[in-house]
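Contents: one structure, followed by commentary.
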Amino acid sequence: MTIPCRFIVNGSAVSGSFPPMRRLLDVLRGECGLTATKEGCGEGECGSCAVLLDDTLVNSCLVPIADVNGREVTTLEGLPKDDPLFAAFAATGGTQCGICTPGMIMAARALLNDCLRPDLSQTREALSGNLCRCTGYGGIYAAIRTASGQGE
Amino acid sequence: MRWYAPRKLHEALALLTERPDLIPIAGGTDIMVGRDPRACGHDYLSLANVAALRGIRETPAGVAIGALATMTEIGRHPIVCRALPALAASARATGAFAIQNRATLGGNIMNASPAADNAPVLLAYGASVSLMSVARLRHVPYENFHSGYKVTVRRPEEILGEIFVPYAPLGARHYFRKVGTRRAQAISKVGLAALLVGRPGAWERVRFGFSSVAATPILACALAATITGTARGLPDDEGLAEALGRDLAARDDIRSTAEYRRRIALNLVREALAPWRHQGGCDAGQ
Ligand SMILES: Cc1cc2nc3c(=O)[nH]c(=O)nc-3n(C[C@H](O)[C@H](O)[C@H](O)COP(=O)(O)OP(=O)(O)OC[C@H]3O[C@@H](n4cnc5c(N)ncnc54)[C@H](O)[C@@H]3O)c2cc1C
Ligand code: FES
Ligand code: FES
């Protein structure tokens, strides 16, 4: 059985009929064609599928599409092109293979929306649900410092 | 697969009375894990839109927490942070932010994992929960809620409505610590919460709640009795370990061994009692 759902993704209305337990992750990557959002673990552990749902950070692999009805989703593609996090991640080596990067940037964006100048311990806590197998995290924390105007 | 998403509590209760086989779903952070996306054998009752199950209310006697309150809401709530700091701490220790934004307190205790991080705190504070059905509303002390491994006293037609956590007396020690493989997002090997009021030889309240040391979260009654039954000072480590041995049913599993769990449990109890360990002479040697 499918159910009708209407919601907003990156400012555009989406409507369709979906199996209710279909994961938001699959709808974004499939029906919406937005492939920045990645699947790492499919179990909520790695954060590579992180998006904003009504401005709060969620793992899209754990959200049934029926729950998104009437709500607003922001993916990496929906951030402004000049979001300082993009340049900062590139400059500091905050990204290597890039698989974790969209989720990292979404988690970083959620953090900066909440707190203008996070310190290292706030940054570490906010990113503790995002795993990176390449960078060793130093470049990622530096990117967030840079993007929040605190130097590298 | 069918999906029901009522807005009114009475509609949700009526649906569940008619269809007690429906699976309630709140934040979905337990239900969505490992679910085969093609499996469609179940019908779901989404509680997410039931406004009556949301919110955190202050009452004269304690804090009433709607089953749908998320870990983020609980961990940041000013009254919870001030009056029930161990609960704020356990909420902030439940998964990472993206999990905390979705995970509900109702889901954490209904999932009934022996490792649920908020369970020890609810035991230590002496919380109670309300179970609602079309026919009636009943209140169950949380210490009687888990009846076996992943089994609770909830009946299939019931919804968990509210968790009531009474305030602790002034001057109480509120303790919570979770020991896991890493600080964030790890399932605990041992979790302990304690509420301690009074002093050695004159205790008013001694409650220890544990996770991950038995088939369910447990209230450590033998430990409390040993501590309150000691006329002067605190029991020595041997006495504490002996009492813990009666409370704990620790086992070896993929996350740890029974031996490690017993050792850590004792260390956590010692840490919870730390403010009194050098009073009354019993620990003079340390
Ligand atoms: C990556 C990850 C990390 C995690 N880390 C932790 C952790 O550190 N500590 C921890 O304790 N847990 C952890 N969890 C488990 C989970 O997030 C929590 O148990 C959470 O509180 C579950 O709440 P939920 O609303 O998402 O539950 P759901 O998945 O919606 O439901 C869980 C169960 O409760 C039932 N249910 C929910 N609400 C009600 C209700 N009101 N009435 C009746 N039944 C109900 C459901 O039918 C289901 O059986 C983690 C999970 C993931 C995926
Ligand atoms: S894919 Fe969603 S958290 Fe890993
Ligand atoms: S850059 Fe490769 S996983 Fe983070």
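Are there any helices (runs of 4 or more DSSP H) wholly within region A:66-152 with 1 or more residues that are within 18 Å of B:Ile99 (Cα to Cα) and not assigned by TED's automatic domain parsing to the domain that holds A:Lys38, and if so which?
Working: elements: A:84-92, A:101-114, A:120-126, A:138-147.
Correct list: A:101-114, A:120-126.
How many residues does region B:184-202 hold that are touching a residue at least 24 places away in the same chain (Cβ under 8 Å) and either closer than 25 Å to B:Ala98 by Cα or in contact with a strand residue (DSSP E or B) (Cβ under 7 Å, 6 or more places away or on another chain) (or both)? It would help to see each step written out before you state the result.
Pass one, region B:184-202, residues touching a residue at least 24 places away in the same chain (Cβ under 8 Å): B:184-185, B:187-197, B:199-201.
After this cut, where a residue has to be either closer than 25 Å to B:Ala98 by Cα or in contact with a strand residue (DSSP E or B) (Cβ under 7 Å, 6 or more places away or on another chain) (or both) as well, the list is B:184-185, B:187-197.
The qualifying residues number 13.
Is it true that B:Leu234 is touching a residue at least 40 places away in the same chain (Cβ under 8 Å) and in contact with a Cys (Cβ under 7 Å, 6 or more places away or on another chain)?
Details: touching a residue at least 40 places away in the same chain (Cβ under 8 Å): yes; in contact with a Cys (Cβ under 7 Å, 6 or more places away or on another chain): yes.
The answer is yes for B:Leu234.
Scan region B:37-79 residue by residue and report those that are farther than 21 Å from B:Ile25 by Cα and in a loop (DSSP other than H, G, I, E, B).
B:Thr59, B:Pro60, B:Ala61, B:His77
Can you find a residue that is more than 25 Å from B:Arg19 (Cβ to Cβ), in contact (Cβ under 8 Å) with a residue 24 or more places away in the chain and away from chain A (no Cβ under 13 Å) anywhere in region B:92-103? Give the steps one after another, and end with the answer.
Residues of region B:92-103 more than 25 Å from B:Arg19 (Cβ to Cβ): B:92-101, B:103.
When the remaining residues are screened for being in contact (Cβ under 8 Å) with a residue 24 or more places away in the chain, the result is B:93-97, B:99-101, B:103.
Checking the rest, the ones that are also away from chain A (no Cβ under 13 Å) come to none.
Checked against the condition, which is being more than 25 Å from B:Arg19 (Cβ to Cβ), in contact (Cβ under 8 Å) with a residue 24 or more places away in the chain and away from chain A (no Cβ under 13 Å), region B:92-103 yields no hits at all.
Just to be sure I understand, how many residues within region B:184-221 are farther than 19 Å from B:Arg246 by Cβ and assigned to a loop (DSSP other than H, G, I, E, B)?
8
Select from region B:194-213 the residues that are modelled with pLDDT of 95 or more and in contact with a Leu (Cβ under 7 Å, 6 or more places away or on another chain) and write down the one among them that is farthest from the other protein chains (Cβ to nearest Cβ).
Among residues in region B:194-213 that are modelled with pLDDT of 95 or more and in contact with a Leu (Cβ under 7 Å, 6 or more places away or on another chain), the one farthest from the other protein chains (Cβ to nearest Cβ) is B:Pro200.
Under the condition of being more than 11 Å from chain B (Cβ to nearest Cβ) and in a helix (DSSP H, G or I), which residue from region A:1-48 is surrounded by the most Cβ atoms within 10 Å (Cβ to Cβ)?
By that ranking, first place goes to A:Leu28.
Do we find a residue being at pLDDT 95 or above and farther than 22 Å from B:Ser188 by Cα anywhere in region B:82-99? Please lay out each step first, then the result.
First, pick out the residues of region B:82-99 that are at pLDDT 95 or above: B:82-99.
Keeping just the survivors that are farther than 22 Å from B:Ser188 by Cα gives B:82-83.
For region B:82-99, residues at pLDDT 95 or above and farther than 22 Å from B:Ser188 by Cα: present.
The values are calculated or read from the model by the stated rules, or taken from the named source; none is laboratory data. The structure displayed is predicted, hence computed values, not measured ones. All Cβ positions, glycine included, derive from the backbone under ideal geometry; neighbour counts span all protein chains shown.
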